[in-house]
Amino acid sequence: MKLLKKISAFVLLGALMASCGEKKAEETTDMTDTTTVEVEAPVAAQTIVDVAVANADFSTLVTAVKAADLVETLSSEGPFTVFAPNNAAFDKLPAGTVDGLLKPESIEKLKSVLTYHVVAGNFDAAAVVDAINKNNGKYSVTTVQGGTIVLSLKDGNVMLTDANGGTAMVILADVAASNGVIHAIDTVVMPK
């Protein structure tokens, strides 16, 4: 019976990973209706970086993390909550922005942008929504970069507002990793 549960968990995780980029927005944006699935240790051994590498929709993020030399950091014990821009989020940036950030002379700027998407601690969707609701609809978090992001709700979706007034929406919540959790977002947020 335990073997059957393990196999089912692996199949479920594989289907989730394969479909992350294919879900419709209305199916993936409602953070208040999440389902928790307990998965045993072999799957949970994947770090945030491992999970991102396994999902083609995060290939630009993975390239950036490697270029910024942050793989070891984001593979460490953590825990971390990562608001991870998908490839479409990076595509929204002005032409040449990603290429410019990936240049060796821009490594510090790239690190700043990437660590602005990371919060120390493990905050699942329920904890995020609870914090927003308990703080009159807005909750500020300090990022690993040192800046602040304001979290709020709009039409049942968690929204991020960056230091420049730019916004992003969580489009997929609670992707578990051994050292934290990933929430995919539709826009790259920027520090000052």
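Residues in segment 86-101 that are over 20 Å from the mean Cα position of the chain (by Cα) and assigned to a loop (DSSP other than H, G, I, E, B): 3 in all. Can we say residue 155 is farther than 23 Å from residue 76 by Cβ and either within 15 Å of the chain's Cα centre (by Cα) or without any contact (Cβ under 8 Å) to a residue 24 or more places away in the chain (or both)? Yes; evaluated as a whole, the condition is true for this residue.
Among the residues making up segment 126-138, those that are closer than 13 Å to residue 160 by Cα and not basic (Lys, Arg) are 128, 129, 132, 137.
Entry remark, segment 142-178: residues being surrounded by 21 or more Cβ atoms within 10 Å (Cβ to Cβ), assigned to a loop (DSSP other than H, G, I, E, B) and not charged (D, E, K, R) number 1 in total.
Looking at segment 102-117, which of its residues are touching a Ser or Thr at 6+ places or on another chain (Cβ under 8 Å) and either farther than 22 Å from residue 140 by Cβ or part of a helix (DSSP H, G or I) (or both)? Listed by number, the residues that qualify are 102, 115. What do you reckon, is residue 67 farther than 23 Å from residue 149 by Cα, surrounded by 17 or more Cβ atoms within 10 Å (Cβ to Cβ) and touching a residue at least 24 places away in the same chain (Cβ under 8 Å)? It is true that residue 67 is farther than 23 Å from residue 149 by Cα, surrounded by 17 or more Cβ atoms within 10 Å (Cβ to Cβ) and touching a residue at least 24 places away in the same chain (Cβ under 8 Å). Within segment 61-98, being farther than 18 Å from residue 180 by Cβ and in contact with a strand residue (DSSP E or B) (Cβ under 8 Å, 6 or more places away or on another chain) holds for one residue alone: 89.
Residues in segment 137-188 that are out of contact with any Pro (no Cβ under 8 Å at 6 or more places or on another chain), β-branched (Val, Ile, Thr) and over 20 Å from residue 47 (Cβ atoms): 141, 142, 148, 149, 150, 158, 161, 167, 170, 171. Does segment 10-29 contain any residue that is modelled with pLDDT of 50 or more and farther than 20 Å from residue 188 by Cβ? Scanning segment 10-29 turns up no residue that is modelled with pLDDT of 50 or more and farther than 20 Å from residue 188 by Cβ. Taking the conditions (1) touching a residue at least 60 places away in the same chain (Cβ under 8 Å); (2) touching a Ser or Thr at 6+ places or on another chain (Cβ under 7 Å) in turn, residue 78 satisfies each one other than (2). Number of residues in segment 72-85 that are modelled with pLDDT of 95 or more and not in a loop (DSSP other than H, G, I, E, B) equals 6.
The values are calculated or read from the model by the stated rules, or taken from the named source; none is laboratory data. Source: prediction; values computed, not measured. Glycine gets a Cβ as well: all are built from the backbone with ideal geometry, and neighbour counts include every protein chain shown.
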